Amino acid sequence: MTVTERDKRALIGLAAAVVISLTVYFWPQDTAAPDVVETAASAESAGQRLERVRRLAAQVPGRQQELNRLRAELEQWEAGVIRAETSQQAQAEIVQVLRRIGSNQVPPLEFSSVEMGQVRPLGSDRAFGEALVSVSFNCVIEQLVNLMADLTAQTESVVTEELRVSPLKPEEKSLRVRLTVAGLVPGELLSQQRGVRQF
């Protein structure tokens, strides 16, 4: 029987496999003893962990109530956000709110000018912005007081940013008023800022 070159390679591979198998089989094992944990210490630490878990579990209902309260407050706050596709549309909606309030005054208020300001960030995270709108009008003191009260009662989140008052006819208690309001808008509108426009 003749041994071919292929058989020689197979025998060499078999011999190498046997050597590796025997080396792995007879390799010395790590015989270090496992660490022994003292049962009293482990029972005491387990008791402390259990007490900490119980305290945390007792706080869950209170934290859940606080979370629910904050969610309701956030929903109420976000309900007043003026939703619009562009900053100009948001400012137009603020003008509509002001005109609606002005038309409810006795006699109705007429705005002599309306100016659109910038949309600026509200806070550092830029999640919300403020759209500014300024209106000028003449009125008596009672109308101005009623206008300011009605402004705070709106469902839209609009607040007084600036109020300038100067006397027009002191004997009639009439005033010249420039009112700037800020409306809460989504932060996406911040990138759509334009220059001041006047109507």
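The values are calculated or read from the model by the stated rules, or taken from the named source; none is laboratory data. Keep in mind it's a predicted model, so treat the numbers as computed, not measured. Note that we place each Cβ from the backbone using ideal geometry, even for glycine, and neighbour counts take in every protein chain shown.
All conditions in (1) touching a helix residue (DSSP H, G or I) at 6+ places or on another chain (Cβ under 8 Å); (2) surrounded by 19 or more Cβ atoms within 10 Å (Cβ to Cβ); (3) farther than 28 Å from residue 189 by Cβ hold for residue 90, with the sole exception of (3). Tell me, yes or no, whether the range 159-167 has at least one residue that is in contact (Cβ under 8 Å) with a residue 60 or more places away in the chain and assigned by TED's automatic domain parsing to the domain that holds residue 183. Checked the range 159-167: no residue is in contact (Cβ under 8 Å) with a residue 60 or more places away in the chain and assigned by TED's automatic domain parsing to the domain that holds residue 183. Being in a helix (DSSP H, G or I), at pLDDT below 80, under 30 Å from residue 130 (Cβ atoms) and not assigned by TED's automatic domain parsing to the domain that holds residue 159 is not true of residue 67. Of the strands (runs of 3 or more DSSP E) lying entirely inside the range 107-182, those containing at least 2 residues that are of a type outside the set (Lys, Arg), over 34 Å from the mean Cα position of the chain (by Cα) and surrounded by 16 or more Cβ atoms within 10 Å (Cβ to Cβ) are 128-140.
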